[in-house]
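Peer 1: Take this structure, written in structure tokens, and hold onto it; I'll ask about it next.
The values are calculated or read from the model by the stated rules, or taken from the named source; none is laboratory data. Every value quoted in this text rests on a predicted model; they were computed, and no experiment measured them. As a convention, Cβ positions derive from the backbone with ideal geometry for all residues, glycine included, and neighbour counts pool all protein chains shown.
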Amino acid sequence: MLIQEHFSLRNHNTFHFDIYTDFFSAPQNEEEIIEVLSDVRITDQALFILGGGSNVLFKSDFKGLVLKPNIQSIKVIDENENSVWVEAGAGIDWDHFVAWTVEQGYYGIENLSLIPGNVGASPVQNIGAYGVEVMDVITQVNGIYLDTLEPFSFKNKECKFSYRNSVFKNSLKDKTIITSVQFLLHKQGELSTDYIGIKEELENLGELNLANLRRAIINIRESKLPDPEIIGNVGSFFKNPIVDKSIADKIIAKYPEAPHYKVSENELKIPAGWMIDQCGWKGKTIGNAGVHENQALVLVNKTGKAKGEDILQLAKKIEESVKTEFGIQIEKEVNVI
């Protein structure tokens with residue numbers, strides 16, 4: 001059946017909230033997507049496009065259709081002596097795709113290892129980690145307009161990428177469904193190892209190569225971030241704020257040890273996790289929701305019984321304390337439904 005009714009989303013959101021959607025579908029190609037969206041049962045229903053469920057917080061049961069593209073193909077569409085262009089289906093697990101590129105010896109996204117979610121969500125959020133953003137390697141995003149069911153293909157510049165942002169989160173929000181993403185990767189390249197902790201981890205692994213850099217990234221992430229299969233979470237709950245240099249200077253004057261990263265001549269990035277930790281939230285639990293003991297940026301379904309509102313109430317208290325202490329309003333990275 002292409003469309004299932006009264007479907008549990010417990011296994012489709014990494015907070016593991018026990019919620020239901022009126023209708024659910026996981027089409028495996030563009031034709032099935034169009035067939036589902038043309039079904040008279042869901043014509044007037046609310047629609048939510050779901051990826052891996054790793055960046056979404058459902059406040060309650062969903063009244064409408066949750067559509068999860070399950071396109072699984074990976075293909076090389078062009079290559080030359082130095083580079084390769086790869087197209088990956090929207091339904092492919094992101095880390096499985098990264099593993100595949102490393103196995104093939106393709107450079108470009110190894111620093112994005114172990115980021116949860118699916119390929120189709122990667123351009124929406126412009127995922128990034130350890131000094132690399134996916135916008136650096138995306139050449140084209142393919143999909144379907146929801147109103148006309150016509151296909152589209154956007155080149156990199158048309159996606160209007162910025163920090164954790166893209167056109168798909170702004171003017172095209174809720175107007176498209178991504179079916180595949182094309183990437184430009186390289187057969188040779190320099191590995192990015194400057195981010196804190198990477199070089200130290202690599203020393204334990206021996207030779208500097210693609211496979212060991214991926215393993216180093218995985219080791220670092222696993223040491224800091226809880227496995228969502230064990231305790232429900234969506235990874236980083238808040239964005240790292242980019243602030244005016246004058247504000248950052250005041251924070252650094254008060255906290256000389258404050259980590260900070262230059263973004264431009266007038267802007268610096270202050271890690272949200274560090275600020276939350278300074279406010280005393282790391283490891284704290286309120287009811288069924290909590291802050292992870294190893295990473296203050298991660299909110300968790302502590303008991304397995306938390307609801308969306310429990311997490312949101314905890315997040316609100318954290319935001320208020322960071323605002324009071326640092327004068328910075330931190331923003332949620334998670335998509336609240």
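Peer 1: I need the full set of residues from region 194-215 which are crowded, with 17+ Cβ neighbours inside 10 Å and not charged (D, E, K, R), in order please.
Peer 2: Of the residues in region 194-215, the ones crowded, with 17+ Cβ neighbours inside 10 Å are 198, 201-202, 210, 212-215.
198, 202, 210, 212, 213, listed by residue number.
Peer 1: Residues that are in contact (Cβ under 8 Å) with a residue 24 or more places away in the chain: find the strands (runs of 3 or more DSSP E) completely inside region 1-113 holding 2 or more of those.
Peer 2: 20-25, 46-49, 62-67, 74-79, 83-89
Peer 1: Looking only at residues in region 191-247 that are hydroxyl-bearing (Ser, Thr, Tyr) and more than 30 Å from residue 12 (Cα to Cα), which one is modelled with the highest pLDDT?
Peer 2: Residue satisfying both the conditions and the ranking: 246.
Peer 1: Give 65, 47 a once-over and let me know the one that is in contact with a Ser or Thr (Cβ under 9 Å, 6 or more places away or on another chain) and either modelled with pLDDT under 95 or not polar (S, T, N, Q) (or both).
Peer 2: When all the criteria are applied, what remains is 65.
Peer 1: Next question. Restricting region 125-159 to residues that are outside any strand (DSSP E or B) and touching a residue at least 60 places away in the same chain (Cβ under 8 Å), which is nearest to residue 49 (Cα to Cα)?
Peer 2: Ranking the qualifying residues of region 125-159, first place goes to 146.
Peer 1: So which residues in region 285-324 are at pLDDT 95 or above, over 17 Å from residue 58 (Cβ atoms) and of a type in the set (Asp, Glu)?
Peer 2: Matches in region 285-324: 319, 320.
Peer 1: Here's something else I'd like to know. Being aromatic (Phe, Trp, Tyr), in contact with a Gly (Cβ under 9 Å, 6 or more places away or on another chain), farther than 30 Å from residue 67 by Cα and not assigned by TED's automatic domain parsing to the domain that holds residue 34: is that true of residue 195 here? Working first, answer last.
Peer 2: Numbers: aromatic (Phe, Trp, Tyr): yes; in contact with a Gly (Cβ under 9 Å, 6 or more places away or on another chain): yes; farther than 30 Å from residue 67 by Cα: yes; not assigned by TED's automatic domain parsing to the domain that holds residue 34: yes.
Spelling it out, residue 195 is indeed aromatic (Phe, Trp, Tyr), in contact with a Gly (Cβ under 9 Å, 6 or more places away or on another chain), farther than 30 Å from residue 67 by Cα and not assigned by TED's automatic domain parsing to the domain that holds residue 34.
Peer 1: Has region 313-332 got at least one residue that is β-branched (Val, Ile, Thr), in a strand (DSSP E or B) and surrounded by fewer than 14 Cβ atoms within 10 Å (Cβ to Cβ)?
Peer 2: Looking through region 313-332, none of the residues is β-branched (Val, Ile, Thr), in a strand (DSSP E or B) and surrounded by fewer than 14 Cβ atoms within 10 Å (Cβ to Cβ).
Peer 1: Right, here's the next one. Can you give me the number of residues within region 271-312 that are in a loop (DSSP other than H, G, I, E, B) and either surrounded by fewer than 24 Cβ atoms within 10 Å (Cβ to Cβ) or of a type in the set (Lys, Arg) (or both)? Let's see the steps before the verdict.
Peer 2: First, pick out the residues of region 271-312 that are in a loop (DSSP other than H, G, I, E, B): 271, 279-284, 287-288, 292-297, 302-307.
Those still in the list that are either surrounded by fewer than 24 Cβ atoms within 10 Å (Cβ to Cβ) or of a type in the set (Lys, Arg) (or both) too: 271, 279-284, 287-288, 292-295, 302-307.
Adding up the residues that qualify gives 19.
Peer 1: Would you call residue 296 small (Gly, Ala, Ser), under 25 Å from residue 248 (Cβ atoms) and either in contact with a Lys or Arg (Cβ under 7 Å, 6 or more places away or on another chain) or in the same structural domain as residue 240 (by TED's automatic domain parsing) (or both)?
Peer 2: yes
Peer 1: OK, next. For region 16-41, enumerate the residues that are touching a Phe, Trp or Tyr at 6+ places or on another chain (Cβ under 8 Å) and either surrounded by 17 or more Cβ atoms within 10 Å (Cβ to Cβ) or not basic (Lys, Arg) (or both).
Peer 2: Step one: list which residues in region 16-41 are touching a Phe, Trp or Tyr at 6+ places or on another chain (Cβ under 8 Å), which gives 17, 19-24, 41.
Hits for region 16-41 are 17, 19, 20, 21, 22, 23, 24.
Peer 1: From the list 131, 105, pick out the single residue that is under 24 Å from residue 190 (Cα atoms), at pLDDT below 95 and surrounded by fewer than 17 Cβ atoms within 10 Å (Cβ to Cβ).
Peer 2: 131
Peer 1: Considering only residues that are farther than 17 Å from residue 5 by Cα and over 20 Å from the mean Cα position of the chain (by Cα), which ones fall in region 33-72?
Peer 2: Answer for region 33-72, where residues must be farther than 17 Å from residue 5 by Cα and over 20 Å from the mean Cα position of the chain (by Cα): just 34.
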